[in-house]
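Here is the structure we will look at.
What follows is calculated from the coordinates using simple rules that are stated; it is not laboratory data. Here the structure is a predicted model, which is why all the values come from computation and not from measurement. When we count neighbours, we look across all protein chains shown, and the Cβ atoms used for this are built from the backbone with ideal geometry, even at glycine.
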Amino acid sequence: MEKEYTLMKGNEAIAEAALRAGCRFYAGYPITPQSEILEYMADHMEERGGVFIQGENEIASMSMLYGAAACGARCMSSSSGPGFDLKQEEISYLSAAGLPAVLVNAMRYGLGDGEITAGQDSYWVSTRGGGHGDKRIIVLAPASVQECADLTYLAFDLAEKYRNVVEILSDGAICQMIEKVYLPDAREHDIDQFDWTLTGKPRKQKKNKVYNLSYYMGYEKYNALMRDKFREMHENEQRWESLMTEDAELVLVAYGISSRACRSAVRQARKEGLKLGLIRPITVWPYPQKAFEAVSGSTKAYVSVEMSLSSQMGEDILVASRNDRPFYAYLTGKDLPEAEGIIGYCRDILEGNIQPTEVF
Amino acid sequence: MPSYKKPESIIAPAGYCGGCGHGVVQRLIAESIEELGLQDRAIASVDIACAFWSQDAMNYEFIAGPHGRCASVATGIKKIHPEATVYVHAGDGCSYVIGLTETSYAAIRDVPITMIVVNNGIFGMTGGQLNLATTLLGDKTLSSKKGRKKETMGHPVDILKVLACYDVEFLARGALYDPRHIEQTKRFIKKGFTNQRDGKGFSLIEVLSPCPTNWKMTPVQAMEKIKNETEKIFPVGVYADRGGAGNG
């Protein structure tokens with residue numbers, strides 16, 4: 001029998017997949033374009049036996065999540081743009097205490113309150129952010145509603161495996177589009193399976209104290225633990241999709257909504273005799289360095305396609321590729337990239353009409 | 001007859017300064033929890049300021065997190081473990097200044113936790129700066145060296161009167177400057193834990209507490225200041241009691 005599918009918005013797929021992964025605590029504050037996640041949790045969390053709280057602000061929501069995560073519950077919060085900024089404090093605390101949590105950042109374009117429409121200019125805050133101090137956050141970037149579900153489902157496992165924050169980095173287009181989705185099976189999560197959680201233990205049992213791991217371990221052990229964890233995540237969790245890179249003259253690099261325009265561009269350009277390829281990072285941290293190791297000798301340059309003002313992903317591409325080829329960035333700001341524009345830009349590169357993009 | 005036996009929940013010395021009220025509050029918490037037989041399921045949410053030291057001193061499970069967010073952290077824990085005894089031990093900077101929103105909404109949601117707020121009128125851990133909610137007018141601190149002025153720094157505010165506007169279980173203020181007041185404070189704290197045990201709502205007990213180190217006074221002078229000055233602005237007593245019979 002063929003598996004049944006359903007039609008859902010990206011936001012709804014994220015919320016439903018989280019519930020099916022055993023997420024039983026959600027706290028958040030409304031902000032466009034991701035409020036459907038909060039609304040979906042308000043509608044469905046209680047029937048699954050979980051806790052939904054509309055917080056008085058982002059910081060309080062995240063602090064409630066911090067408490068629930070310390071009890072071993074699978075926890076989620078979500079936001080966008082200026083709302084996601086406010087979550088940075090607790091990301092640092094979650095990271096310091098080694099608590100797993102899944103956060104969603106549905107990018108909206110611009111500084112300040114900016115726009116409510118799609119953008120990709122929260123790449124830096126997602127891949128470099130998370131508040132003060134040394135930490136890394138696994139950042140998964142879905143490019144379809146199906147991936148919204150699949151990556152959210154995976155995110156909870158990764159968060160617990162590494163006792164780390166995992167972020168779903170969607171955007172105003174991916175989270176609002178409606179597509180066919182096959183939902184993962186529902187499973188229950190046992191909150192009592194860990195030895196580090198708060199349960200309220202009898203007096204003779206060893207008590208857990210949830211605070212900076214460094215306070216109890218000492219910095220020497222803590223630093224080694226964290227460095228090993230960063231390295232392990234970097235080695236094991238790189239995810240990407242390569243499309244027709246084997247013989248490509250130019251390799252496009254794009255994630256999320258921009259990667260969809262790039263996919264069209266690759267197909268269309270090949271019909272016109274222009275050999276484009278695509279590397280689509282699925283994890284933007286760890287950045288898929290291994291994808292660049294496999295790029296062939298026929299490739300003359302990389303072309304990043306991003307909805308941002310600067311090439312926020314440019315540094316990662318230069319590092320991952322060890323700066324082995326010229327680099328260009330096709331940047332569309334608040335506008336969705338289109339295949340025609342990408343192909344035109346690539347032709348200009350090959351005809352020598354434009355200079356490589358500087359990354360600084 | 002009062003008991004002078006050390007509560008078994010206190011297993012190590014804490015890092016409080018000499019003459020500090022936090023240690024007394026910590027002991028009253030431990031006594032209340034033990035007398036109610038709740039020590040096998042206690043989880044404490046402490047601030048990363050002076051109350052943090054109780055984490056090392058007490059044989060309970062603890063969590064310390066973002067400054068000011070103790071009531072929210074405790075809310076998250078209580079929602080996941082409704083059967084646990086979840087309490088907050090934090091200062092007035094945490095609970096009434098940077099975390100006033102979090103304290104207020106824990107009260108508005110009537111989360112069945114017990115919150116103990118140490119009001120010492122100053123930012124202790126950071127070395128003695130002005131507390132916007134509780135530093136008395138005229139008091140000199142590191143950030144109000146000429147004394148607190150209402151015109152530029154606002155006035156101290158009785159947060160219990162503010163919280164009493166919400167539909168909460170129990171609000172009370174105690175003091176520590178003599179045995180009678182310590183006993184009364186103990187009754188308030190115990191009432192807060194009893195409410196939680198009985199599945200009632202949000203309880204907050206504020207304690208007027210000395211900080212001789214940052215007030216630059218002897219412990220005795222600090223107690224006298226509370227008796228003669230602080231208590232006049234922040235009167236001791238019960239501010240809300242939905243269940244009744246709370247006036248110790």
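Of interest is the spacing of the C-alpha centroids, which for the stretch A:301-360 and the stretch B:140-213 amounts to 59 Å. If you take the alpha carbon atoms of the stretch B:65-205 and fit the smallest convex hull around them, that volume is 109 Å³ per residue. Each label point was placed 7 Å from the Cα along the Cα-to-Cβ direction; for A:L111 and A:Q289 their separation is 3.3 nm. Computed from backbone phi with θ = phi - 60° and the Karplus coefficients 6.51, -1.76 and 1.60, the 3J(HN,Hα) list for the stretch A:134-143 is 7, 7, 10, 10, 6, 10, 9, 10, x, 10 Hz; x is used for glycine and proline. Taking amide H as placed 1.01 Å from N in the peptide plane, A:V210 has its amide H under 5 Å from the amide H of B:F62, B:I63, B:A64, each at least 5 places away in sequence or on another chain. Site pair B:I233 and A:Q88 shows an inter-label distance of 3.4 nm when each label is modelled 7 Å from Cα along Cα→Cβ.
Across chain A, the mean sequence separation of Cα contacts (distance under 8 Å, 6 or more residues apart), normalised by length, yields a relative contact order of 17 percent. Counting every other Cβ atom within 10 Å of each residue's Cβ, B:C17, B:C70, A:C23, B:C50 order from fewest to most as B:C17, A:C23, B:C50, B:C70.
Note on the stretch A:26-111: Rg/Rh from C-alpha atoms, Kirkwood Rh, equals 0.95. Peptide B:36-45 shows a mean partner chain C-beta count of 4 within 10 Å per residue C-beta.
Helix A:35-44 versus the longest principal axis of chain A: what is the Cα-based angle in degrees, 0 to 90, to the nearest 10? Roughly 40 degrees, rounded to the nearest 10. Take every DSSP beta bridge whose two residues both sit in the stretch A:6-236; close to 20 percent of them are antiparallel.
Our coupling estimate for the stretch B:27-32, obtained by passing each phi through the Karplus curve with A = 6.51, B = -1.76, C = 1.60 and θ = phi - 60°, is 5, 5, 4, 4, 4, 4 Hz, Gly and Pro reported as x.
Taking a ≥ b ≥ c as the square roots of the eigenvalues of the alpha carbon gyration tensor, the stretch A:240-350 is rounded, as a/c is under 1.5. Bridging of B:K216 to lysines at a Cα separation below 18 Å is possible for B:K140, B:K145, B:K146, B:K225, B:K227, once same-chain residues fewer than 8 apart are set aside. For helix A:10-20, report the angle its Cα long axis makes with the longest principal axis of the Cα atoms of chain A; keep it between 0 and 90° and round to the nearest 10°. Once rounded, one gets 40 degrees. Grab the other residues whose beta carbon is less than 11 angstrom from that of A:H234, score K and R as +1, D and E as -1, and report the net. Its environment carries a net charge of +1.
The Cα-based radius of gyration and maximum Cα-Cα distance (Dmax) for the protein assembly as shown are 27.6, 96 Å. Taking a ≥ b ≥ c as the square roots of the eigenvalues of the alpha carbon gyration tensor, the stretch B:156-235 is prolate, as a/c is not under 1.5 and a/b beats b/c. For the stretch A:46-171, a/c is less than 1.5, where a ≥ b ≥ c are the root eigenvalues of the C-alpha gyration tensor. That puts it in the rounded class.
Based on DSSP, what percent of beta bridges with both residues in the protein assembly as shown are antiparallel, to the nearest 5? The antiparallel proportion sits near 25 percent. Ordering A:W240, A:W124 by the number of other Cβ atoms within 10 Å of each residue's own Cβ, fewest first, gives A:W124, A:W240. Here the Karplus relation 6.51 cos²θ - 1.76 cosθ + 1.60, evaluated at θ = phi - 60°, turns the backbone of the stretch B:64-80 into coupling constants of 10, x, x, 4, x, 9, 4, 5, 5, 4, 5, 4, x, 5, 5, 5, 7 Hz, with x for every Gly and Pro. Take each residue of peptide A:200-206, count the partner chain Cβ atoms within 10 Å of its Cβ, and average: the result is 6. For the stretch A:52-197, a crude dipole built from +1 on the beta carbon of Lys and Arg and -1 on the beta carbon of Asp and Glu, taken about the Cα centre, is about 220 debye to the nearest 20. Pairs of Cα atoms nearer than 8 Å and 6+ residues apart set the relative contact order; for the stretch A:49-103 it is 40 percent.
Applying the Kirkwood pairwise sum to the alpha-carbon positions of chain B produces a hydrodynamic radius of 17.7 angstrom. Only beta bridges with both residues in the stretch A:240-350 are counted; by DSSP, about 25 percent of them are antiparallel.
Listed from fewest to most Cβ neighbours within 10 Å, the set B:D167, A:D190, B:D92 follows the order A:D190, B:D167, B:D92. Angle of helix A:145-162 to the longest C-alpha principal axis of chain A, folded into 0 to 90 degrees and rounded to 10: 50°.
Based on DSSP H segments of at least four residues, each scored -39500 (n - 2.57), chain A has a per-residue ellipticity at 222 nm of -11000 deg cm²/dmol. Once both labels are positioned 7 Å from their Cα atoms along Cα-to-Cβ, the gap between A:D228 and A:D185 label points is 3.3 nm. Shape analysis of the stretch A:6-236 based on the Cα gyration tensor places the equivalent ellipsoid semi-axes at 28, 20, 16 Å, largest first. Shielding value for B:96-107 is 2, the average number of Cβ atoms from other chains within 10 Å of each residue's Cβ.
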